[in-house]
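One structure is given below, encoded as structure tokens.
The values are calculated or read from the model by the stated rules, or taken from the named source; none is laboratory data. Keep in mind that this is a model prediction, so the values were computed, not measured. In this analysis, Cβ positions are derived from the backbone assuming ideal geometry, glycine residues included, and neighbour counts consider all displayed protein chains. Ligands, DNA and RNA are stripped out before the accessible areas are found, and what is left, the full protein with its side chains, is counted by its heavy atoms. Shrake-Rupley method; radii C 1.70, N 1.55, O 1.52, S 1.80 Å.
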Amino acid sequence: MSEGMRTVLSAFRVLEEVAYTQPAGVGELARRLRLPKSTVQRALRTLWTAGWICPDGAEITRWVLTTRALHIGQRAIADLGVRDAAAAIMQELRRETGETSHLMVREGDHAVLIERVETTHPIRAVIPLGSAVPLHGSSNGKAMLAQLGKDEVTAIIGDTLERYTDNTIVEWDDFFAELDSVRALGYASNVGEWRTDIAAVAAAIFDHEGAPIASISVSAPGSRMTEQQRQTYGALVIEAANRISATLGYRRPADGDEDHGPR
């Protein structure tokens with residue numbers, strides 16, 4: 001990464017942190033962002049010159065957003081949906097993996113496919129738009145359920161974990177252990193749990209309030225997605241989900257804050 005790119009990214013990180021902790025001082029920002037005070041100070045001055053922030057009072061020690069930043073942020077959130085936020089990133093994910101990328105949202109006890117970008121492979125796992133897949137038998141569903149409490153999960157799914165294949169997890173203790181693993185890894189895997197011929201990995205997408213509103217996945221015929229590929233693709237779907245979530249206004253908690261979001 002070039003020095004210019006690092007400078008720009010630092011400025012955006014400082015702007016975001018000011019938005020959530022204002023009025024914010026240099027020392028506090030540097031500590032929370034783990035950046036040198038000199039870097040933070042330069043970013044603050046640049047953002048002040050550009051009209052995004054201003055001092056909170058006569059003393060130039062603490063900073064707040066200007067109305068310019070507030071107006072642009074409100075317009076962006078009002079006009080942007082999850083499909084719009086994900087479109088370009090799904091294309092990138094397909095190019096990086098060569099496999100199909102799926103975007104799903106939760107409806108009741110199922111995940112519903114609202115967008116896909118197909119692989120160019122002649123042999124592919126085909127799921128039509130609008131299809132509903134079981135939450136507990138799919139990577140997309142497990143990615144979203146892993147962000148919820150146990151009581152909420154059981155209320156959504158009901159008393160029974162229905163079996164679809166020999167690989168479907170149907171015992172509650174095993175399923176909650178699986179969700180613990182999903183939270184630890186940051187992504188969910190599915191190897192023939194809904195359809196025996198499909199394997200996939202998925203990560204949850206969060207809105208500006210931190211709610212898991214969707215998930216993004218990479219899917220392929222099971223014979224084409226090895227364990228090593230699932231790990232590689234898992235890292236890619238985490239990155240994709242984080243970028244989409246950020247576009248929707250989600251803010252990853254700073255160190256020491258409670259974290260219910262993407263990992």
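For the range 213-254, the pair-distance distribution built from all alpha carbon pairs, in bins 5 Å wide starting at 0, is 5, 20, 25, 19, 13, 9, 7, 2, 0 percent.
Share of the range 1-135's accessible area from carbon and sulfur, percent, 1.4 Å? Carbon and sulfur atoms account for 55 percent of the accessible area of the range 1-135. For the chain, the mean residue ellipticity at 222 nm estimated from helices alone is -14500 deg cm²/dmol, where every DSSP H run of n ≥ 4 contributes -39500 (n - 2.57) and the total is divided by all residues, rounded to the nearest 500.
With a cut-off of 12 Å on the backbone N, the residues of the range 136-159 near the modelled label site 7 Å out from W172 along Cα-Cβ are 150-159. Per q in 0.13, 0.20 1/Å, what log10 I(q)/I(0) does a Debye calculation on the alpha-carbon atoms of the range 130-225 return? Scattering profile of the range 130-225, log10 relative to I(0): -0.40, -0.97.
The string of couplings for the range 183-189 from the Karplus curve (6.51, -1.76, 1.60, θ = phi - 60°) is 4, 5, 7, x, 8, 10, 10 Hz, one whole number per residue in order, with x for Gly and Pro. Here the range 174-257 is treated with +1 on each Lys and Arg Cβ and -1 on each Asp and Glu Cβ, and its dipole about the Cα centre works out to around 300 debye. The simple spin-label model puts a point 7 Å past each Cα toward its Cβ; for S131 and E3 those points are separated by 5.2 nm. In terms of accessible area, using a 1.4 Å probe and ignoring ligands and nucleic acids, V170, V201 rank largest first as V170, V201.
Could you tell me which label, among (1) 68, 41, 33; (2) 55, 50, 37; (3) 55, 39, 31, carries the value of Cα extents along the principal axes in Å calculated for this structure? Recomputing Cα extents along the principal axes in Å here picks out (1). What accessible area per residue, rounded to a whole number of Å², is obtained for the chain using a probe radius of 1.4 Å? With the other protein chains kept in place, the chain gives 51 Å² per residue.
Take the alpha carbon gyration tensor of the range 135-186, find the square roots of its eigenvalues, order them as a ≥ b ≥ c, and report rounded if a/c is under 1.5; if not, report prolate when a/b exceeds b/c, else oblate. Taking the square roots of the gyration eigenvalues as a ≥ b ≥ c, the range 135-186 is oblate. With every protein chain in place and a 1.4 angstrom probe, the accessible-area ranking of T49, T7, largest first, reads T49, T7. Residues whose amide H falls under 5 Å from that of T100, counting only those 5 or more places apart or on a different chain, are T119, S219, with hydrogens built in the peptide plane.
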